[in-house]
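Working notes for the structure below.
The values are calculated or read from the model by the stated rules, or taken from the named source; none is laboratory data. These numbers were taken from a predicted model, which means no experiment stands behind them. Heads up, the Cβs are rebuilt from the backbone with ideal geometry, glycines too, and the neighbour counts pull from every protein chain shown. These accessible areas exclude ligands, DNA and RNA; they are computed on the full protein's heavy atoms, side chains included. Shrake-Rupley method; radii C 1.70, N 1.55, O 1.52, S 1.80 Å.
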Amino acid sequence: FNVSSERIDKGLLFNYSLNVANTNSLTFGAEIKLGSVNGGDYYTTSPDTVLNRGIQRFFASYLQYKFGLMKNRLRVVSSMRMDDVKFYDGYFSTNVENNPLYNYNGKMAESNWKALSPRIALRYYLENNISLYSSFSRGFRAATLDDLCRTGWMRLGPKLANPELGPETIDSYEIGLDYSPHHSLRISPTIYYSKGKGFMYYVATGELLWGKRPIYTRENVTAVDIRGAE
């Protein structure tokens, strides 16, 4: 089969920074993105045509404040980000009734995900050439359009779209030290830990294609722990 896939990506990004006092600053940002797919598998050895389409809209805004305490020996970066992602106009169609995916024809349910992602980072200067720092941040990643609306073949085999696939989130912690004993030498040991939730993975649905090929779909099925040092 031949694959034709029309994809459109467009968006707008805006940010503005304002110096509040001395070394303090306030930053505001926003972005909006729109992605769409209108694709099809056109078989050359049979009359089958398999179509899929969908639209995904992203909106995000954030506010960040940098300031100093204790005569500026302690520097703080604090921020909050809001994400709003919507999937809509999802559709799947195959034109041949004996196609094993025919039962999945039709419109797909709309989905909407919202998330608040905080971040705070602290750096304390013991001396001008040595400082300690720590940080916490939360990350958010929505599913891709292909996983949300494309039913078809992949390397594992047949795959079903999952329009209700949720986002991945991850919480990250880091502590470290920066030491510069000489202007041309810098030592920066760091340890970090991250905890991810709802990570996406292909799982078998329990159904078989032609009675022998497992059918897969992407699900939020696993957690991830990341530990390390540099």
Practice prompt. Read through the list (1) among the hydrophobic types (A, V, I, L, M, F, W, C); (2) open to solvent by 20 Å² or more (accessible area, probe 1.4 Å); (3) out of contact with any Ser or Thr (no Cβ under 9 Å at 6 or more places or on another chain); (4) modelled with pLDDT under 95, then give the number of the only condition that Leu145 fails.
Written response: (3)
Item to complete: May I ask you to say which residue of Tyr124, Tyr133 is over 27 Å from Leu208 (Cα atoms), in a strand (DSSP E or B) and in contact with a Gly (Cβ under 7 Å, 6 or more places away or on another chain)?
Response: Tyr133
Fill in: Failed criterion for Gly176 (all others in (1) at pLDDT 90 or above; (2) touching a Lys or Arg at 6+ places or on another chain (Cβ under 8 Å); (3) part of a strand (DSSP E or B); (4) not charged (D, E, K, R) hold)
(2)
Worksheet item: So is Asp146 of a type in the set (D, E, K, R), touching a residue at least 24 places away in the same chain (Cβ under 8 Å) and not in a strand (DSSP E or B) or not?
Response: yes
Discussion item. Can you find a residue that is under 30 Å from Arg75 (Cβ atoms), out of contact with any helix residue (DSSP H, G or I) (no Cβ under 7 Å at 6 or more places or on another chain), open to solvent by 70 Å² or more (accessible area, probe 1.4 Å) and not in a strand (DSSP E or B) anywhere in the range 20-29?
Written reply: yes
Discussion item. I need every pair where a residue in the range 1-19 that is in contact (Cβ under 8 Å) with a residue 24 or more places away in the chain has its Cβ under 7 Å from the Cβ of a residue that is of a type in the set (A, V, I, L, M) and surrounded by 11 or more Cβ atoms within 10 Å (Cβ to Cβ), sequence separation at least 6 or different chains.
Written reply: Ser5/Val37; Arg7/Val37; Lys10/Leu34; Gly11/Ile32; Gly11/Leu34
Response to the item:
So, first residue under 24 Å from Ser137 (Cα atoms) in the range 181-201, second residue small (Gly, Ala, Ser) and open to solvent by 70 Å² or more (accessible area, probe 1.4 Å), Cβ within less than 7 Å, six or more apart or across chains; the pairs are Thr190/Ala229; Ile191/Ala229
Discussion item. Please list, ordered by residue number, the strands (runs of 3 or more DSSP E) wholly in the range 182-230 having 2 or more residues that are exposed (fewer than 12 other Cβ atoms within 10 Å of the Cβ) and touching a helix residue (DSSP H, G or I) at 6+ places or on another chain (Cβ under 6 Å).
Written reply: none
Worksheet, complete the sentence: The condition of being touching a Ser or Thr at 6+ places or on another chain (Cβ under 8 Å) and either assigned to a loop (DSSP other than H, G, I, E, B) or open to solvent by 20 Å² or more (accessible area, probe 1.4 Å) (or both) holds, among Asn38, Asn52, only for Asn38
